[in-house]
Structures are given as structure tokens and as C-alpha cells.
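Working notes for the structure below.
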Amino acid sequence: MPKAIQKDESTNAVVSLDEKDMAILRVLQHNARATVKEISDKIHLSTTPVHERIKRMEENGVIRQYATLVDHSKVKKGLMVICYVSLKQHNKNAGAKFIKRIHELNEVIECYNISGEFDFMLKVVAESMDAFYDFHVNKLSQAENIGHVQSVFVMGVIKQTHVLVH
């Protein structure tokens, strides 16, 4: 399980970062297992300020968590599907129930609230078409307040990155 960093979810305030902070983030984005010593050597700053900067960025929510990126096709999750979902009712309670249900579905690895014809976009992984069919019919479509689901099957991944700071 990825190490979650505690942060106040209610605040989305922009945090002021200088060039050394950005350099630390660049190193960590490419290798979250880099030690403070390795980072300090790369950015030419001693270990204590590097450690303090990392802690500050964790506390401010800039660094949300540390995770291992797994190749979905190598862990029997070779089928990737983007599901567009619209809800029947658009009120706070109905939306909250749908979001709670999505958090319970392990097949859903990403979920975005979107604008346009659909309300949500889900990134779903499954072992096979049969497994996805079971997920779609017996889990997703059974969620309360589902209006319409459109599934798009990913034929190939052209670009997939988590790098935000360049």
C-alpha cells in the first residue's frame, strides 16, 4: 500500500516553491525511493535543508504520497477501459453516494468528475473481457443513480506519465 501523506483535503491553496524545491520534486518524480543524500548530491544542497524541504512539501500537500507504478498488463490486468458515466439525479447526496461506491470498486483506478455530456470518467482495469463484463453488469451498473455508461476500450497506451514538474 502506498505511503499516504497526511494533508488537509479542504485546502487547495497554491504553495510557494523555489527552484530547489522544484529540483527536489524532479528527482522524486523519477525515483521516489531516492534518499535524502542522493537528492542533496544531485541538487547541490546539504541533507538537512533537503529533508526539511521534503517534510514541508509533504505537510503542505505538494507531495501527496509515495507509490510504486505497476505495469497493469504484467499483473493480470491487461484490459484497460475508459468508462464515461452520467447520473440520473444531480444533487449533492446522489453524487456523494456514487463517489462512495466508486471508492469501493477495486477495478476503478482513477475517477474524474468531468463537464459535458457525462458526469464522471473512470479508468478501469480488468483481467479479461469476461471480467470487465462482470464488473460492468454486476458492480458498476448496479450502483445507485446510474443513468448511462459508455465504455471505450484502450487499444494501446501512447503516453502515461505522472511527471508534473519539468
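Here are some notes:
- Answer residue from the stretch 11-47, given it is free of Cβ contacts under 8 Å to residues at least 24 places away in the same chain, among the β-branched types (Val, Ile, Thr) and not in a loop (DSSP other than H, G, I, E, B) and is surrounded by the fewest Cβ atoms within 10 Å (Cβ to Cβ) among those: THR47
- Test: residue in the stretch 48-71 that is assigned to a helix (DSSP H, G or I), at pLDDT below 95 and either under 24 Å from VAL157 (Cα atoms) or of a type in the set (Phe, Trp, Tyr) (or both): no
- Count of the stretch 41-61 residues which are over 23 Å from the mean Cα position of the chain (by Cα) and over 18 Å from VAL165 (Cα atoms): 9
- Residue match in the stretch 71-86 (condition: in contact with a Ser or Thr (Cβ under 8 Å, 6 or more places away or on another chain), more than 30 Å from ILE146 (Cβ to Cβ) and either surrounded by 14 or more Cβ atoms within 10 Å (Cβ to Cβ) or aliphatic (A, V, I, L, M) (or both)): no
- In the stretch 141-166, the residue that is surrounded by the most Cβ atoms within 10 Å (Cβ to Cβ) out of those that are in contact with a Leu (Cβ under 8 Å, 6 or more places away or on another chain) and closer than 19 Å to ASN91 by Cα is ASN145.
- The criterion of being touching a Phe, Trp or Tyr at 6+ places or on another chain (Cβ under 7 Å) and aromatic (Phe, Trp, Tyr) holds for TYR84.
The values are calculated or read from the model by the stated rules, or taken from the named source; none is laboratory data. Everything numeric here is computed off the predicted structure, so don't read it as measured data. Every residue, glycine among them, receives a Cβ derived from its backbone with ideal geometry; neighbour counts consider all protein chains shown.
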